[in-house]
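The values are calculated or read from the model by the stated rules, or taken from the named source; none is laboratory data. Treat the numbers as computed from the prediction; the structure is a model and nothing was measured. A quick note on method: Cβ atoms are made from the backbone with ideal geometry, for glycine too, and the neighbour counts reach across all protein chains shown. Note: accessible area is taken over every heavy atom of the protein model, side chains too, but ligands, DNA and RNA are not part of it. Shrake-Rupley method; radii C 1.70, N 1.55, O 1.52, S 1.80 Å.
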Amino acid sequence: VVFSAEVNGAAGSAEIPFGYGVFRLGGAKILITESEAEAAAAAAQSGTKLLRADGAALCGSVFRRKKAGDTFRKFGGGKKSLKKVLTDWKIDAEKRAAIPLIAKKESGEILAVAGVEIAESVKITPQTKKIAYIALLDENR
């Protein structure tokens, strides 16, 4: 089952509630799973980074695209505008507009940039009980 939301324009406002499974946000597909092997295979096939996050910290969040004014509290500390972070990571403008994000529903805080990095607030700690593995999927999958 693939959950999907159509997005009008590069920075559309569609949101999909966070969950485990395969999600399509515009042209991008993202896999959220408890299986490290499944996610690692997907990340390798798409040539993107496999992300590991605290599953409980992701509850109540949404999948969405970037919005004007988004900020990102990087893993390891430091807060920057999402636009600056994506530029620093050398992600071209076309891909920046399409990259799926995981964000808190109420505050809009960015928790993960799919295939790229997680925020400090969802890092795995000794108290983590459930790990969420996040991978972008190859479009042919």
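For the reader, a short list of remarks on this structure follows.
- Among (1) farther than 16 Å from I131 by Cα; (2) polar (S, T, N, Q); (3) touching a residue at least 12 places away in the same chain (Cβ under 8 Å) - the single one S61 does not satisfy: (1)
- Residue among A132, A112, A93 that is under 17 Å from R65 (Cα atoms), modelled with pLDDT of 90 or more and among the small types (G, A, S): A112
A quick yes/no check of all residues on (1) free of Cβ contacts under 8 Å to residues at least 60 places away in the same chain; (2) within 20 Å of P17 (Cβ to Cβ); (3) assigned to a loop (DSSP other than H, G, I, E, B):
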| residue | (1), (2), (3) |
| --- | --- |
| I30 | no, yes, no |
| E38 | no, no, no |
| A42 | no, no, no |
| K49 | no, no, yes |
| T128 | no, no, yes |
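- For the range 36-51, the condition holds for at least one residue, the condition being that it is open to solvent by less than 60 Å² (accessible area, probe 1.4 Å) and either modelled with pLDDT under 90 or of a type in the set (K, R) (or both).
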